[in-house]
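Presented below is the structure to which this report refers.
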Amino acid sequence: MNILVCISVVPDTTTKISFTDNDTAFQTSGVQFILNPYDELALTRGLEIAEANGGKVTVVHVGLSDSEAVIRKALSMGAEAAIRINAAPTDAQQVASELAAIAGGYDLILTGRESIDYNGGLICGLLGAALNIPSINVVTRIDYINGTWSFDRDIDGGKESVSVQGPCVASAQKDLCEPRIPNMRGIMAARTKPLTVLEPKNNASGVTYTQFELPAPKQGVKLIDPSQAAELISLLKNEAKVL
Amino acid sequence: MSLVVFIEFADGVYKKSSLEALSMARSLAESTQQKVVAVQLNGPCDSQILGQHGAHKVLHNGSDLGAFAADSWGKALAQMCQETQAEVVIISNTYSGKSLAPRVAHELKADMASQVVSMPETSNGFRVKRSVFSGKAFAWVQLTSPIKVLALTPNSFPIQTWNESASLETTQVSASSTIQVESVQKVSGKIPLTEAEIVVSGGRGMKGPEHWGMIETLANQLGAATACSKPVSDMGWRPHSEHVGQTGITIKPNLYIAVGISGAIQHLAGVSSSKVIVAINKDPEAPFFKAADYGIVGDAFEVLPQLIEASK
């Protein structure tokens, strides 16, 4: 069984977001970059399934060499091999087309539900469409039972269970598993695991980010005395007009 | 040439977010002189409702596609978009919409943007505003392909009505999926969090899951959905599906009431697009008060009963 996990590198969740060059680029200086939390879940569950069924997990990342520390982290969690496609990621469609070029032949492909920076949530569907295999978004359970993939996924207003025979791509949602923390042996082993660098094949272009902006700051909070809390309801009705 | 809106029909009704998308498409069409086509893939069709909300024409699929699956529905929708010579395809950024949109975009070789929060800017090229960094910022993106696919965040555009009717055309498009739906569990009688106009949310200050009755009562009375902070879902007090914030759901209601939530940067990311924010917290230094429009510095267990009484 061969499992491919697509990983992205994102700013740490505590990052204060700001922009440079007249708000046309994300300010990366002083920002700590991490393995996307949803990808961490995808990888952990992929490893668990591979270990239980005798399989191998490969991770793939589209990005430049500054991502290698994060790729090594994925290897230290237990992935056997890594592929880095040497292109700066600019858009989900560009990333998906590069991933599709190497993603054929795997039994299961996993991604995170979305990256926590650009929040596109598109890679799973784009990759499924490009490889002409089913895509199952936001899964909270993955099992491999008698040759069939079985998933629970979040849907609008509930959950559903689905099954798929044959290769498919799924995106990981929280609740899938607890993220695995690399141990010392894993960290040592990761140093010598293969990390293959491939040049981009498609050089597809998608959308272009032209301008960034921050939300307008709040005007200041209006405080209400806790003993007169009922007043809040009338303010929301008559002043804010949201009730 | 047309603007196609994918209409979600579920549990016997049209989704509010689909009517928002339709209203936005019509408002856009007024300046670009395009026709708005509402495409409905399942269920019975009411072209009158869709006409009132902006459709010039309704294209209804008369064949049964079976349960929702991104691959088969994506193929069917793409085919119907081609039939109507779609230039822009607008899909709601719901769970199903977001799984469908990239598959449609691939079929149509279209540029696409998800998490779109306002009407496209068409005076100079085609640009849309989308939320990024889990709500901490916005980005303008340029789409240049002949066909464009957008996933519009719910509550981004108000529902509007036109005193018009739409023409109805039925088509037969079939597609099959290898995804087998085994079972569906819907939470009945609850307002879906991503679409709710009012959200009441609880944090660690609620002290335990046994006190959630108060959050639910207030939410029921206000017609609101319930949500929670990350620690609350991590501790298992509430399901993860209610977790709003950077690693949970990003929401955009008209009113967000946060009870006993301090307002960590990751939580604020998920709710900062709310129109009006109310923070209720014992700690006057809680960061939420800096992000709120209204605040009560007080104990949740004293404040909530008063709010419940006042909103009866």
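The values are calculated or read from the model by the stated rules, or taken from the named source; none is laboratory data. Note that this is a predicted model, so its numbers are computed, not measured. Glycine also receives a Cβ, built like all others from the backbone with ideal geometry; neighbour counts cover every protein chain displayed. Only protein heavy atoms, including side chains, enter the accessible area calculation; ligands, DNA and RNA are left aside. Shrake-Rupley method; radii C 1.70, N 1.55, O 1.52, S 1.80 Å.
Couple of notes before you dig in:
- Accessible area buried between chains B and A, both sides summed, probe 1.4 Å, in Å² to nearest 100: 6600
- Taking the longest Cα principal axis of chain B as reference, the axis of helix B:16-32 is set at about 50 degrees.
- Only protein heavy atoms count here; under a 1.4 Å probe, A:Thr24 has an accessible surface of about 60 Å².
- For B:Ser118, the residues 5 or more places off, or on other chains, whose built amide H falls under 5 Å of its own are B:Lys129.
- Distribution of pairwise C-alpha distances over the stretch B:2-171, 5 Å bins, in %: 2, 10, 19, 25, 23, 14, 6, 2, 0
- Chain-alone versus full-assembly comparison, the stretch B:95-112, residues with accessible loss of at least 30 Å² (1.4 Å probe): B:Tyr95, B:Lys98, B:Ser99, B:Pro102, B:Arg103, B:His106, B:Asp111, B:Met112
- Near A:Gly166: Cβ cut-off under 14 Å, other residues only, Lys/Arg at +1 and Asp/Glu at -1. The net charge is -2.
- Cα gyration tensor, the stretch B:163-215 - rounded (a/c under 1.5), prolate or oblate: oblate
- For the stretch A:97-228, the relative contact order comes to 24 percent (Cα pairs under 8 Å, sequence separation of at least 6).
- Residues whose amide H falls under 5 Å from that of B:Gly295, counting only those 5 or more places apart or on a different chain, are A:Lys222, A:Leu223, A:Ile224, B:Ala279, with hydrogens built in the peptide plane.
- When only alpha carbons are used to place a centre, the stretch B:71-97 and the stretch A:124-193 end up 25 Å from one another.
- Trypsin sites (Lys or Arg not before Pro) restricted to the stretch A:152-243 and DSSP loop, no more than 16 other C-beta within 10 Å: A:Arg191, A:Lys201, A:Lys218, A:Lys241
- Under the criterion of Cα pairs below 8 Å and six or more residues apart, the relative contact order for chain B equals 15 percent.
- Scattering curve values for chain A, log₁₀ I(q)/I(0), Debye with Cα scatterers, q = 0.12 Å⁻¹: -0.73
- Relative contact order %, the stretch A:2-218, counting alpha carbon pairs below 8 Å whose residues are six or more apart: 27
- Accessible area of the protein assembly as shown belonging to carbon and sulfur atoms, whole % at 1.4 Å probe: 50
- Inverse mean reciprocal Cα-Cα distance (Kirkwood Rh) of chain B, Å: 20.6
- Sequence-ordered 3J(HN,Hα) estimates for the stretch B:220-232 from the Karplus curve with 6.51, -1.76 and 1.60 and θ = phi - 60° stand at 4, 5, 8, x, 10, 8, 9, 9, 8, 8, 4, x, 5 Hz, glycine and proline given as x.
- Under 19 Å of direct C-alpha separation, and excluding same-chain neighbours fewer than eight residues apart, B:Lys282 reaches these aspartates and glutamates: A:Asp225, A:Glu231, B:Asp293, B:Asp299, B:Glu302.
- Rg over Rh [alpha-carbon atoms, Kirkwood Rh] for the stretch A:32-156: 0.93
- Contact residues in the stretch A:78-119 by the 10 Å² criterion (accessible area, 1.4 Å probe, full protein complex versus chain alone): A:Gln93, A:Arg113, A:Glu114, A:Ile116, A:Asp117, A:Tyr118, A:Asn119.
- Rounded tilt (10° steps) of A:92-102 against the dominant C-alpha axis of chain A: 10
- Restricted to Cα atoms, the protein assembly as shown shows a radius of gyration and a Dmax of 23.2, 70 angstrom.
- Sequence of B:Ser201, B:Ser174, B:Ser183 from largest to smallest accessible area, 1.4 Å probe: B:Ser174, B:Ser183, B:Ser201
- Between 0 and 90°, nearest 10: helix A:37-53 axis offset from chain A longest Cα axis: 30
- Contact residues in the stretch B:132-158 by the 50 Å² criterion (accessible area, 1.4 Å probe, full protein complex versus chain alone): B:Phe133, B:Lys136, B:Phe138, B:Trp140, B:Gln142.
- Sorting the Cα pairs of the stretch B:193-310 by distance into bins of 5 Å, from 0 upward, gives 2, 13, 26, 28, 22, 8, 0 percent per bin.
- The GNM of chain B, with springs linking C-alpha atoms under 10 angstrom apart, assigns the highest mean-square fluctuation among B:Gly202, B:Gly135, B:Gly125 to B:Gly125.
- With 10 Å bins beginning at zero, the pair-distance distribution over Cα atoms of the stretch B:51-146 amounts to 14, 41, 36, 9, 0 %.
- Pairs from the table (A:Lys159/B:Lys136; A:Lys218/B:Lys98; B:Lys15/B:Lys57; A:Lys159/B:Lys312; B:Lys136/B:Lys275) lying more than 20 angstrom apart at Cα are A:Lys159/B:Lys136; A:Lys218/B:Lys98; A:Lys159/B:Lys312.
- Whole-Hz Karplus values for the stretch B:192-202 come out as x, 4, 5, 9, 5, 7, 10, 10, 10, 10, x Hz, taken residue by residue from phi with 6.51 cos²θ - 1.76 cosθ + 1.60 and θ = phi - 60°; glycine and proline positions read x.
- Of the trypsin sites (Lys or Arg not before Pro) found in the stretch B:156-263, those that fall in a DSSP loop while having at most 14 other beta-carbon atoms within 10 Å are B:Lys207.
- Nitroxide proxy distance, nm - points 7 Å out along Cα→Cβ at A:Asn22 and A:Ser234: 5.1
- Using the 1.4 Å probe convention, the accessible area of the protein assembly as shown works out to 39 Å² per residue with neighbouring protein chains retained.
- Interchain or long-range residues, amide H under 5 Å from B:Ala227's placed H: B:Val200, B:Ser201, B:Gly202
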